[in-house]
Amino acid sequence: MKWYLDLMLGLDEEGWEVYGDPHRWFIHCNWKIPAENFAGDDYHTVYLHKSMYDVGVIPVSPDANMFGKHIHAEPGHTISFSIAPDTEDPGPKFWGLPADIVDRLRPTKITKEQFEIARRARISVGTIFPNLSFLLIPLTGDPKNRPPATYLTVRQWQPSGPDRIEVWSWILVPKIASQEFKQQAYMEGAATFSTSGLFEQDDAVPWPAISRTARAAFARKSQMKLNYQMGLEGISVAELDKDFPGPGVVYNSRYEEGVQRSFLKRWATEIAR
Amino acid sequence: MISKEAERGVRMSLELQVTNEVYREVIEFLHTEAELLDDGKFRQWLDLLDERISYRVPIRLSRERTAGPGFSENSHHMIEDRGSLEVRVFRLETEYAWAEDPPSRTRHFVSNIRVEPGDNADEIKVKSNLFLYRDRSDTPEHEFISGERRDVLARRDGALKLRERVVLLDQTTVRTLNLAIFL
């Protein structure tokens, strides 16, 4: 997993810094639901978050966004990349960082190979087992008047009782960015992934509902199972990518659920110890 | 020749001196606003906002008294202007805004209204207490949000508009699943 964290955090010698104080709020859900969501449930974005595409908050089209990699870096540690097919692609490069920052990047801590992947990266999201997740993304809370700005959100899904979590969510910005860019990136972070975040407000509805439904009498009696088969042999369009330079098991296309299975397998292993 | 101060005084008396009449107008403004929000008439709510509105909900911190007022200086649950508030409203009107579909039942209780002259002649400062009840779905839980509103209302073409709102929450950790609602 370190290889991938370095790829993002070591993009520049100076790295990233936390902006301000964390967003903190309670959600009545099991902690594994958001952890698994960030582990790489990209399938939900095109339906649950469809309004984000409708109002233009996200600068990558739904189809283009599903192109990319699912990476089972280590058991339970996974990352999902929305990545352009080649460097000629007109979409965001380096997660949408503006040209004046890209020009000043000094990637002394990562290899050329890592840097070239970063060049094609549009969005990356992942979970470090058990309950620390991250998302690196360019978004805007006001598409007509503000261009998308890139920020990194790191969040802790802290269990605080049965089916209740406290979310601790930090927003990070590139250290070498101007104060003006840092402020805007924070503003877009607060507008999209936070207590009030346009993206995140929609997530906070199914998470409690999934937690409730999964433990309901009907689910128990009918031995209800969730279909987690995407990416298994012969199921879905996902294919193993054996040429990817990074470590771990890598799949092409983000229509794949092995990342969630990796998270839950690790949990099952830990809980059985 | 009239001094600037005197001129300002004359303008104030013509515009937004805090008279009983203005106080009554403010109460009506806040009650109308609460009704629009609770009835889900967000487009009409936007009509109450000034073009240059600043709308902020700073993050409250639990710190010792000597550390200051207890609010983050640069971090917010919401930091909005006219454009971004419109995006929030327009999004709620799409078919896929699951955060509020089915919608919450909200009840804005606005009380302890205090009015004083603003920094500009056509503005007044209004403080009020906000108690917000929120009920969602068919689950047994309900949620409360409590805080103080610090508003600036401005006279535009005869009508009052919301020029600035700062909501000072009483909660450090927000006890609702999201702020997909307006405070």
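So, A:LYS112, is that one of a type in the set (D, E, K, R) and either touching a helix residue (DSSP H, G or I) at 6+ places or on another chain (Cβ under 6 Å) or without any contact (Cβ under 8 Å) to a residue 12 or more places away in the chain (or both) or not? Spell out how you get there, then give the answer.
Values: of a type in the set (D, E, K, R): yes; either touching a helix residue (DSSP H, G or I) at 6+ places or on another chain (Cβ under 6 Å) or without any contact (Cβ under 8 Å) to a residue 12 or more places away in the chain (or both): yes.
Against the criterion (of a type in the set (D, E, K, R) and either touching a helix residue (DSSP H, G or I) at 6+ places or on another chain (Cβ under 6 Å) or without any contact (Cβ under 8 Å) to a residue 12 or more places away in the chain (or both)), A:LYS112 qualifies.
Which of (1) at pLDDT 95 or above; (2) more than 27 Å from A:ALA185 (Cα to Cα) does B:TYR55 not meet, given it meets every other one?
(2)
For the subset of region A:7-33 comprising residues that are in contact with a Lys or Arg (Cβ under 8 Å, 6 or more places away or on another chain) and within 21 Å of A:THR195 (Cα to Cα), which member is farthest from the other protein chains (Cβ to nearest Cβ)? Walk me through it before giving the result.
Of the residues in region A:7-33, the ones in contact with a Lys or Arg (Cβ under 8 Å, 6 or more places away or on another chain) are A:10, A:12-17, A:19, A:25-29.
From what's left, within 21 Å of A:THR195 (Cα to Cα): A:17, A:19, A:25-29.
Numbers: A:GLU17: 12, A:TYR19: 7, A:TRP25: 4, A:PHE26: 6, A:ILE27: 5, A:HIS28: 7, A:CYS29: 8 Å.
Looking at the filtered set, the residue picked out is A:GLU17.
From A:GLY234, A:GLY246, A:GLY258, which residue is more than 26 Å from A:THR150 (Cα to Cα), in contact with a strand residue (DSSP E or B) (Cβ under 8 Å, 6 or more places away or on another chain) and small (Gly, Ala, Ser)? Write out each step before concluding.
Values: A:GLY234 fails: in contact with a strand residue (DSSP E or B) (Cβ under 8 Å, 6 or more places away or on another chain); A:GLY246 fails: more than 26 Å from A:THR150 (Cα to Cα).
Checking each option against the conditions leaves just A:GLY258.
Hey, B:SER72 hits all of (1) under 19 Å from A:TRP170 (Cα atoms); (2) touching a residue at least 60 places away in the same chain (Cβ under 8 Å) but one; which does it fall short on?
For B:SER72, the exception is condition (2).
Please count how many residues of region A:196-247 are surrounded by 15 or more Cβ atoms within 10 Å (Cβ to Cβ), part of a loop (DSSP other than H, G, I, E, B) and touching a helix residue (DSSP H, G or I) at 6+ places or on another chain (Cβ under 6 Å).
Going through region A:196-247 one residue at a time, the tally reaches 3.
Which ones in region A:46-82 are closer than 17 Å to A:ALA121 by Cα and aromatic (Phe, Trp, Tyr)?
Answer for region A:46-82, where residues must be closer than 17 Å to A:ALA121 by Cα and aromatic (Phe, Trp, Tyr): A:PHE67, A:PHE81.
Within the group A:TYR47, A:TYR4, which residue is farther than 28 Å from A:VAL205 by Cβ and either in contact with a His (Cβ under 9 Å, 6 or more places away or on another chain) or within 14 Å of chain B (Cβ to nearest Cβ) (or both)? It would help to see each step written out before you state the result.
Values: A:TYR47 fails: farther than 28 Å from A:VAL205 by Cβ.
Among A:TYR47, A:TYR4, only A:TYR4 is farther than 28 Å from A:VAL205 by Cβ and either in contact with a His (Cβ under 9 Å, 6 or more places away or on another chain) or within 14 Å of chain B (Cβ to nearest Cβ) (or both).
Among the residues that make up region B:100-114, is at least one of them acidic (Asp, Glu), facing chain A (nearest Cβ under 10 Å) and without any contact (Cβ under 8 Å) to a residue 60 or more places away in the chain?
Narrowing region B:100-114 to residues acidic (Asp, Glu): B:100-101.
Then keep just the ones that are facing chain A (nearest Cβ under 10 Å); that gives B:100-101.
Within this subset, residues satisfying the condition of being without any contact (Cβ under 8 Å) to a residue 60 or more places away in the chain are B:101.
Looking for residues that are acidic (Asp, Glu), facing chain A (nearest Cβ under 10 Å) and without any contact (Cβ under 8 Å) to a residue 60 or more places away in the chain, one finds at least one in region B:100-114, hence yes.
Give region A:195-215 a look and list any residue that's at the interface with chain B (Cβ under 10 Å from one of its Cβ atoms) and under 17 Å from A:ARG164 (Cα atoms), or say none.
Once the filter is applied, which keeps residues that are at the interface with chain B (Cβ under 10 Å from one of its Cβ atoms) and under 17 Å from A:ARG164 (Cα atoms), region A:195-215 yields A:THR195, A:GLU200, A:GLN201, A:ASP203, A:ALA204, A:VAL205, A:PRO206, A:TRP207, A:PRO208, A:ALA209, A:ARG212.
Taking region A:162-177, which residues are away from chain B (no Cβ under 13 Å) and either on the phi > 0 side of the Ramachandran plot or in contact (Cβ under 8 Å) with a residue 12 or more places away in the chain (or both)? Before the answer, list the steps.
Of region A:162-177, the ones away from chain B (no Cβ under 13 Å) are A:162, A:174-177.
Selection gives A:PRO174, A:LYS175, A:ILE176, A:ALA177.
Look at region B:81-113 and say how many of its residues are farther than 22 Å from A:ILE27 by Cβ, among the acidic types (Asp, Glu) and not in a helix (DSSP H, G or I).
Adding up the residues that qualify gives 3.
Kindly provide the set of residues from region B:58-83 that are crowded, with 20+ Cβ neighbours inside 10 Å and within 7 Å of chain A (Cβ to nearest Cβ), ordered by number.
Just the residues of region B:58-83 that are crowded, with 20+ Cβ neighbours inside 10 Å, to begin with: B:58-60, B:75-80.
Hits for region B:58-83 are B:ILE59, B:SER75, B:HIS76, B:HIS77, B:MET78, B:ILE79.
For region B:133-175, how many residues are touching a Leu at 6+ places or on another chain (Cβ under 9 Å), among the aliphatic types (A, V, I, L, M) and within 14 Å of another protein chain (Cβ to nearest Cβ)?
Summing the residues that are touching a Leu at 6+ places or on another chain (Cβ under 9 Å), among the aliphatic types (A, V, I, L, M) and within 14 Å of another protein chain (Cβ to nearest Cβ) in region B:133-175 gives 3.
For A:ASP63, state whether it is within 16 Å of the chain's Cα centre (by Cα) and more than 14 Å from chain B (Cβ to nearest Cβ).
Details: within 16 Å of the chain's Cα centre (by Cα): no; more than 14 Å from chain B (Cβ to nearest Cβ): yes.
Answer is no for this residue.
Looking at region B:84-99, is at least one residue out of contact with any strand residue (DSSP E or B) (no Cβ under 8 Å at 6 or more places or on another chain), among the basic types (Lys, Arg) and surrounded by 20 or more Cβ atoms within 10 Å (Cβ to Cβ)?
Taking every residue of region B:84-99 in turn, at least one turns out to be out of contact with any strand residue (DSSP E or B) (no Cβ under 8 Å at 6 or more places or on another chain), among the basic types (Lys, Arg) and surrounded by 20 or more Cβ atoms within 10 Å (Cβ to Cβ).
Out of curiosity, is A:GLY189 within 13 Å of another protein chain (Cβ to nearest Cβ), free of Cβ contacts under 8 Å to residues at least 12 places away in the same chain, at negative phi and within 22 Å of the chain's Cα centre (by Cα)?
On the way: within 13 Å of another protein chain (Cβ to nearest Cβ): yes; free of Cβ contacts under 8 Å to residues at least 12 places away in the same chain: no; at negative phi: yes; within 22 Å of the chain's Cα centre (by Cα): yes.
Judged against the criteria, A:GLY189 is not a match.
The values are calculated or read from the model by the stated rules, or taken from the named source; none is laboratory data. All values derive from a computational prediction rather than experimental measurement. Reconstructed Cβ throughout: ideal geometry from the backbone, glycine too, with neighbour counts over all protein chains shown.
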